[in-house]
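Structure first, commentary second.
The values are calculated or read from the model by the stated rules, or taken from the named source; none is laboratory data. Quantities reported herein were computed from a predicted structural model and do not represent experimental measurements. Every residue, glycine among them, receives a Cβ derived from its backbone with ideal geometry; neighbour counts consider all protein chains shown. Areas reflect the complete protein model, heavy atoms only, side chains present, ligands, DNA and RNA absent. Shrake-Rupley method; radii C 1.70, N 1.55, O 1.52, S 1.80 Å.
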Amino acid sequence: MRWRKLFEPRLDAPFPLWMIFPVIFVALYLSHFSLLRLPYYWDEAGYYIPAAWDFFRTGSLIPSTTASNAHPPLPSIYLALWWKASGFYPEVTREAVLLVAAVGLLGVWRLALRLTESAAVAFWTLLLTLLYPIWFAQSTLAHADIFAAACTMWGLVYSLPARNRNPVIAAAWFTLAVLSKETAVVVPLALMCCALVSAIRTPGPQRKKLLIEAGGISSCVVPLAAWYVWRYAKTGFALGSPDFVRYNAQETLTPLRFIAAFGHRLLHLFAHMNMFVPVLLTIAAIMLPPRREADGTERAGLDAAVRRRIFILLGATAVLFSVLGGALLCRYLLAMYPLVILLAVTTAFTLMVTLSRVMTSWGGTSRTS
C-alpha cells in the first residue's frame, strides 16, 4: 500500500514546475514569434551585445569594443554560450532571453503559490505579469534587467514567505541576480534590514536564526564586491568609466532631481502602462467587506509581514532608482511589477466576491504544505 501511494497522484496538489515551465515558454515563444528576427535595439546594440561579443571572441569579461561600465558579466557569459552552441544570430539571442524570461515567470508562479497557497492567484499573477507591456517587451531584449529580475523572483521565493524561508538558496539566486546587474542588490539588502529589525524585536533562539538569515541573504554582496575589486585591478576603475559614473551616480545627486525622479518612479510602479487599473481596483476592493468562507471566517490573504516586506521592497527600489541611473527607464523596476500585480490579485481574490468566483473558476484553488 505504501508503494502504491507513492505513485498515485494527489488530486489536490499543485502542478509540478516541470509541467508549468514548458507551457510558459511556449506561450512566450508564440506571442513573440514575429519579433525574434528583429535587429538589436538601443542598449542592446550600444552595450550588451558588443560586451557579449567581446567575451565570445576573446574571453575577456571587460568589453573593448564598447564603453566600459559597471555591469557584471553574467549576461555576456550566458549569451556567448548560446552563440557558441547555435551561432551568432539575433533569433538565437532572443530565444535565449525568452528562456530567462520563462524562468522568471515560473518564479512568479512559485512565489504567488507559496505566499497565498492558491493556484488561482498564482495563475492570474503569472498571466498578468506575462502580458504586462514592460515585462512582455523585455522578454526578448538582451538587457541585463530581465536576467536580474528572473533571478530576483526565485530569490524571493526562498526569502519572502513568512515561514520556511531558506536563506542559502535565496542567497544563491540573489548572487546570480547581482552578477547580472549590480542594482539588483537592493532587494537582498532590504530583506537583510527586515531580518535585522525582526531580530532586534525578537528574543531568544529565534533572534539567532534571524541574524543568520540576514547574514545569509546579504552574502550575495561578496561576489559583487569581488567583481569590482577585480575590475579595478584590471582597468583602474571599479565602477566603470568616469563619464558613466558621472551620468549615473553623480549628476543625479541633487534634491530637486531626486524629488522629480521619485515621483516618476511612483508613477512607473503604480500607474504606467495601465498599471493604474489594478491599483485602483485594489483600492476599491479594500473598501469592500472581506469575502467569507463557508464557515463564516474571513478569507485569508497575504500574511501581514509579507505584505509589509513587499511595500519595503517597492519603496527601497523606488528610492534607489531615484538616486542612481541617469535615465528614468521603466525596465529598471522590472522585478517589482510582479509584486504590484500580486498585491492587486490577492486583494481582489480576498475581498471582491464576484471577481473571486471568476478567478476560482479559471484557476481553481489548492492548499500546499
### Query
What does the accessible area per residue of the chain come to in Å², with a 1.4 Å probe and no ligands, DNA or RNA counted?
50 Å²
#### Entry: Peptides ranked, highest mean first, by Cβ atoms within 10 Å: ranges 94-106, 324-336, 202-214
94-106, 324-336, 202-214
### Query
Using a probe of 1.4 angstrom, how much of the accessible area of the chain is carbon and sulfur, in percent?
69 percent
### Query
Going highest first, how would you order 35-43, 52-60 by mean Cβ packing within 10 Å?
52-60, 35-43
### Query
Okay, helix-only estimate at 222 nm for the chain: each DSSP H run of n ≥ 4 adds -39500 (n - 2.57), divide by all residues, round to 500 deg cm²/dmol; what do you get?
-20500 deg cm²/dmol
#### Entry: Two-site label geometry, Asp303 and Ser241: point separation in nm, points 7 Å out along Cα→Cβ
4.8 nm
### Message
Tell me the angle of helix 90-116 to the major Cα principal axis of the chain, expressed in degrees between 0 and 90 and rounded to the nearest ten.
### Response
30 degrees
### Task
Jot down the radius of gyration and Dmax of the range 196-338, Cα atoms only, both in angstrom.
20.6, 67
### Message
Across the range 110-257, what fraction of all alpha-carbon pairs, as a whole percent, falls in each successive 5 Å bin from zero upward?
### Response
2, 9, 13, 15, 17, 16, 13, 9, 5, 1, 0
#### Entry: Ranked by how many other beta carbons lie within 10 Å on average, peptides 61-67, 228-234, 110-116 from highest
110-116, 61-67, 228-234
### Karplus-derived 3J(HN,Hα), 6.51/-1.76/1.60, for each residue of the range 160-173, Hz, glycine and proline x
8, x, 6, 9, 6, 7, 10, x, 5, 5, 4, 5, 4, 5
